[in-house]
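These notes concern the structure reproduced below.
The values are calculated or read from the model by the stated rules, or taken from the named source; none is laboratory data. Quick caveat, the model's predicted, so the values are computed rather than measured. Because the Cβ atoms are built from the backbone with ideal geometry, glycine has one as well, and the counts that use them run over all protein chains shown.
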Amino acid sequence: MTGTLRQTPETATVLVVDDSASVRKLVELTLRREGFAVISATSGIGALATLADTQPDVILMDVMLLELDGFQLCRVIRRHPKYENTPIVMLSGREGESDKAAGFAAGVDAYLTKPFKPAVLVDTVREQLTAYAASGVA
Amino acid sequence: MAELAAAYAGNALCSRAPITLPEPMANRAQSVARSVVLRWLRGVAERDQDGYAVLAGNGRTVLVLYAAQQAAGAAVTRGQGVASAVEALATLHAAEGSDLFVMTYPLGDDVAHALSGLFARPAIRELCDDPGPQLKQILADRLDQCFSGAVAVRAAGLAWAVLLLRDGEVIGCYGSDDARLKPTIEDASALFYLDEVEVAVYPARAQPELAAVLRQGDRRGEVGERNASVEATELGMIALLSALESRLTNAQRFGEGRPEQLALAVAESYDEALLLTGVGRSLLLSDRVGHPLLEAHWDAEAGRVDTQRLLETLRMASISDAWLAAAEALIVALELAVEQQLTWVSLVDESSSNALQEALVELLAQARGLIRTWRAERDSGAGGLPALPRTDALALSGS
């Protein structure tokens, strides 16, 4: 990771899904200070409601969510044609290999563990956006 | 008119408050670490341009007026006085003690400049026994002279008013009836009809020596360096609070050793908060927390709690309640340490500072919520310590 923050401000919109208000605030601050637009949801159901109205460029989600966990949410999102290729980054406190495997099986593109480092989070989101753009799907 | 021979006693409009300024709505109310207070004041003056700050702490209240981004007046309005305004400002950060509680008040263009004269001896002080014509004459003279400054009128009782002028034009008035600044001189006009009033004329004045104190209070971190330093602190704070969130979640899942894990979690975050000072700043000294457990493990030389020694003591005691008490005290120490960092961040990025502050408040509420819950479990005799809801859920429910 290069950690070259604030050198290439983005205009992408990131949906942050986390039931912890403090984590949402920290992630939002990290992304906003780099120029990303951020919308947030506190639950899996809330995220689906947001996705019905808005199309983010990247989705960043926790695993432990109320009502619908991150793996389930990811599968539901991937079934929707509009979001089958949208980059999904999982940000979770579960760092076991089996958890990561479950995440990738559900359709996530990158798996980060908490606590997060701001530079790593930003670089990962940027990498996913770049890969998405390069794939020609965007 | 009779010239008063009374010795100068500041702007004696109100004996209990030598300097009385207009009272607009405050635009800031917060605590500021003494070590950064001059730098903070400079940032406020640059942002607000004209206004004043009231700084209180350790039994002393200091008033600092800034006009056109420069310090234009300073005075101790409560507590032990100092020899000069420069000293009042210069000693703000030098004195030992807790954070200062600060409120700031914005003022309109030229108002602060007109008020600056109130911080010095009046140029004229007269007793008017026929206030109507005499006051009018004094004001007419000021208008003719294109006077800028303040004219204070005080009646024998408690009634008083201050008229502010810029280049011979009245730009505002406030008084004992209403301390808010108004563009008319109605507040003063009632005094014109009394039998006797005292009038004092305070020309506006620049105070280069005072402005220099604010400019030179701390030369560390001028624009480029400061921004890089603050940015590093901001990123460090995000990582620190993210780590605290993970530690709290883990402590909650830890089973019987949860109180110990919680104390360790907070202690680690406290140590990290103090380490964040290494980016172009002097060492951040932790505030003392008046808790016997922390006092007994206070490292006076380093100016901080010696967490390693504290944790060793707790491990020897191996008492669950002691771990909880330590966690509770360390939460306060952590809060103070982080707030010092946030004060630093707020110098250049108030919105980031606010977001971090909100995250901090939520995380500490989670930590305190865990302590309350575990104590309640202990008191109710729930030996098995049943599984608790997630810390996140606690925060969402507002507990």
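Filtering segment A:112-138 down to residues that are more than 14 Å from the chain's Cα centre (by Cα) and outside any helix (DSSP H, G or I), which residue is surrounded by the fewest Cβ atoms within 10 Å (Cβ to Cβ)?
Of everything passing the filter in segment A:112-138, A:G136 is surrounded by the fewest Cβ atoms within 10 Å (Cβ to Cβ).
When segment B:35-65 is examined, which residues are found to be touching a His at 6+ places or on another chain (Cβ under 7 Å) and closer than 16 Å to B:L210 by Cα?
Hits for segment B:35-65 are B:V37, B:L38.
Could you look through segment A:43-62, keep only residues that are assigned to a strand (DSSP E or B) and within 14 Å of another protein chain (Cβ to nearest Cβ), and pick out the one that is surrounded by the most Cβ atoms within 10 Å (Cβ to Cβ)?
Residues of segment A:43-62 that are assigned to a strand (DSSP E or B), as a first pass: A:58-61.
Applying the additional criterion that residues be within 14 Å of another protein chain (Cβ to nearest Cβ) yields A:60-61.
Values: A:L60: 28, A:M61: 25.
Filtering segment A:43-62 for residues that are assigned to a strand (DSSP E or B) and within 14 Å of another protein chain (Cβ to nearest Cβ), the one surrounded by the most Cβ atoms within 10 Å (Cβ to Cβ) comes out as A:L60.
For segment B:96-142: of the residues being touching a strand residue (DSSP E or B) at 6+ places or on another chain (Cβ under 9 Å), among the charged types (D, E, K, R) and not in a helix (DSSP H, G or I), which is farthest from B:E46 (Cα to Cα)?
Of everything passing the filter in segment B:96-142, B:D129 is farthest from B:E46 (Cα to Cα).
Table: residues versus (1) assigned by TED's automatic domain parsing to the domain that holds B:A179; (2) under 13 Å from the mean Cα position of the chain (by Cα); (3) modelled with pLDDT of 85 or more; (4) assigned to a helix (DSSP H, G or I).
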site	(1), (2), (3), (4)
B:P24	no, no, yes, no
B:S31	no, yes, no, no
B:S35	no, yes, no, yes
B:L38	no, yes, no, yes
B:Y66	no, no, yes, no
B:A74	no, no, yes, no
B:T77	no, no, no, no
B:G81	no, no, no, no
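Going through B:S242, B:S246, B:S269 one at a time, which residue ends up being in contact with a Gly (Cβ under 9 Å, 6 or more places away or on another chain), part of a helix (DSSP H, G or I) and at pLDDT 70 or above?
B:S246
Could you tell me which residue of segment B:117-163 is nearest to B:Y193 (Cα to Cα), considering only residues that are of a type in the set (D, E, K, R) and buried (at least 21 other Cβ atoms within 10 Å of the Cβ)? Break it down stepwise before answering.
First, the residues of segment B:117-163 that are of a type in the set (D, E, K, R): B:121, B:125-126, B:129-130, B:136, B:141-142, B:144, B:154.
Going one step further and asking which of them are buried (at least 21 other Cβ atoms within 10 Å of the Cβ), we end up with B:142, B:154.
Details: B:R142: 20, B:R154: 12 Å.
In this case the residue turns out to be B:R154.
Determine whether A:D109 is without any contact (Cβ under 8 Å) to a residue 24 or more places away in the chain and either crowded, with 18+ Cβ neighbours inside 10 Å or closer than 24 Å to B:I238 by Cα (or both).
Numbers: without any contact (Cβ under 8 Å) to a residue 24 or more places away in the chain: yes; either crowded, with 18+ Cβ neighbours inside 10 Å or closer than 24 Å to B:I238 by Cα (or both): yes.
Yes; evaluated as a whole, the condition is true for this residue.
Here is a list: B:A326, B:A359. Which entry is crowded, with 21+ Cβ neighbours inside 10 Å, away from chain A (no Cβ under 14 Å) and touching a residue at least 12 places away in the same chain (Cβ under 8 Å)?
Result: B:A326 is the single residue among B:A326, B:A359 that is crowded, with 21+ Cβ neighbours inside 10 Å, away from chain A (no Cβ under 14 Å) and touching a residue at least 12 places away in the same chain (Cβ under 8 Å).
Hey, could you check segment B:35-59 for residues that are among the charged types (D, E, K, R) and in contact with a strand residue (DSSP E or B) (Cβ under 6 Å, 6 or more places away or on another chain) and say which is surrounded by the most Cβ atoms within 10 Å (Cβ to Cβ)? I'd like the intermediate steps shown before the answer.
The first filter runs over segment B:35-59 and keeps only residues among the charged types (D, E, K, R), leaving B:39, B:42, B:46-48, B:50.
Then keep just the ones that are in contact with a strand residue (DSSP E or B) (Cβ under 6 Å, 6 or more places away or on another chain); that gives B:48, B:50.
Numbers: B:D48: 19, B:D50: 22.
If we take residues in segment B:35-59 being among the charged types (D, E, K, R) and in contact with a strand residue (DSSP E or B) (Cβ under 6 Å, 6 or more places away or on another chain), then B:D50 is surrounded by the most Cβ atoms within 10 Å (Cβ to Cβ).
Just one of (1) touching a helix residue (DSSP H, G or I) at 6+ places or on another chain (Cβ under 7 Å); (2) within 13 Å of another protein chain (Cβ to nearest Cβ) trips up B:E350, so point out which.
It is condition (1) that B:E350 fails.
Would you point out which residue out of A:L15, A:L26, A:L65, A:L31 is within 12 Å of another protein chain (Cβ to nearest Cβ) and at pLDDT 95 or above?
A:L26 is the lone residue from the list that is within 12 Å of another protein chain (Cβ to nearest Cβ) and at pLDDT 95 or above.
Would you point out which residue out of A:S22, A:S92 is under 18 Å from B:L241 (Cα atoms), surrounded by 19 or more Cβ atoms within 10 Å (Cβ to Cβ) and more than 12 Å from the chain's Cα centre (by Cα)?
A:S22
Condition check ((1) at pLDDT 85 or above; (2) over 29 Å from the mean Cα position of the chain (by Cα); (3) not hydrophobic (A, V, I, L, M, F, W, C)) across all residues:
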{"residue": "B:Y174", "(1), (2), (3)": "yes, no, yes"}
{"residue": "B:D178", "(1), (2), (3)": "no, no, yes"}
{"residue": "B:A188", "(1), (2), (3)": "no, yes, no"}
{"residue": "B:F192", "(1), (2), (3)": "no, yes, no"}
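Could you please give the count of residues in segment A:68-88 that are within 14 Å of another protein chain (Cβ to nearest Cβ) and assigned to a loop (DSSP other than H, G, I, E, B)?
Result for segment A:68-88: 1.
Here is a check on your reading of the model: is B:A382 at pLDDT 80 or above and either more than 14 Å from chain A (Cβ to nearest Cβ) or not in a helix (DSSP H, G or I) (or both)?
Values: at pLDDT 80 or above: no; either more than 14 Å from chain A (Cβ to nearest Cβ) or not in a helix (DSSP H, G or I) (or both): yes.
When the stated conditions are applied, B:A382 does not pass them.
Which one of these does A:S40 not meet: (1) buried (at least 20 other Cβ atoms within 10 Å of the Cβ); (2) within 12 Å of the chain's Cα centre (by Cα)?
For A:S40, the failing item is (1).
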